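Shown next, in structure tokens, is the structure this report addresses.
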Amino acid sequence: MHTYYHWIQGGVDFVSLDNASKDQFDDEQLAWIERTLTLDETNADVRSVVFGMHGALPDSIPAGHSMNESAQMERSGRRVYQDLLTFRSKTKKNVYVLASHD
């Protein structure tokens, strides 16, 4: 059982991530995120992705209470940030990131 998941509805892949602890995103969740984005790249039914999480990605405006709290969080969060930028550039699909602290 995982605390991260996704569903596709109305052309949008809603992705719920777990980054509430200092070791998140761990390697398993990173691999899952990247597999999910790879599937979304080729899925013509997916026109947008919405990523939701607890803390904002590192280097966001609320950096004091974001994934800047530990080295693992910074490293993995920046990787996801780059993955999303690459996805957007390759597919031209919309990307939205929501965080409860942002």
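Computed from point charges on the beta carbon alone (+1 for Lys and Arg, -1 for Asp and Glu), the dipole magnitude for the stretch 9-102 about its Cα centre is near 420 Debye. With helices as the sole contributors, the chain gives -12500 deg cm²/dmol at 222 nm; each DSSP H run of n ≥ 4 counts as -39500 (n - 2.57), and the sum is divided by every residue. Computed over protein heavy atoms with a 1.4 Å probe, the accessible surface of the chain works out to 57 Å² per residue. Close amide H pairs (under 5 Å, H built 1.01 Å from N) link Val97 with Phe51, residues at least 5 positions away or on another chain. When the Gaussian network model of the chain links Cα atoms closer than 10 Å, the mean-square fluctuations of Asp40, Asp18, Asp27 top out at Asp27.
Using a probe radius of 1.4 angstrom, the carbon and sulfur fraction of the accessible surface of the chain is 54%. Derived scalar couplings between HN and Hα for the stretch 37-53 equal 5, 4, 5, 5, 4, 9, 8, 5, 6, 8, 9, 8, 10, 10, 9, x, 7 Hz in order, rounded to whole Hz, by the Karplus curve 6.51 cos²θ - 1.76 cosθ + 1.60 (θ = phi - 60°), x for Gly and Pro.
Which one of Ala31, Gly11, Ser76 is farthest out on the positive end of the charge dipole of the stretch 1-92, using unit charges on Cβ (Lys, Arg +1; Asp, Glu -1) and the Cα centre as origin? The listed residue farthest towards the positive side: Gly11.
With Cβ to Cβ distances under 12 Å as the rule, what net charge do the other residues near Gln9 carry (K, R +1; D, E -1)?
Here the charged neighbours net out to -1.
The values are calculated or read from the model by the stated rules, or taken from the named source; none is laboratory data. In this text the structure is predicted, and so the values were computed from the model without any measurement. We place every Cβ from the backbone using ideal geometry, glycine too, and count neighbours over all the protein chains shown. Side chains are part of the model used for accessible areas, which takes the heavy atoms of the whole protein and leaves out ligands, DNA and RNA. Shrake-Rupley method; radii C 1.70, N 1.55, O 1.52, S 1.80 Å.
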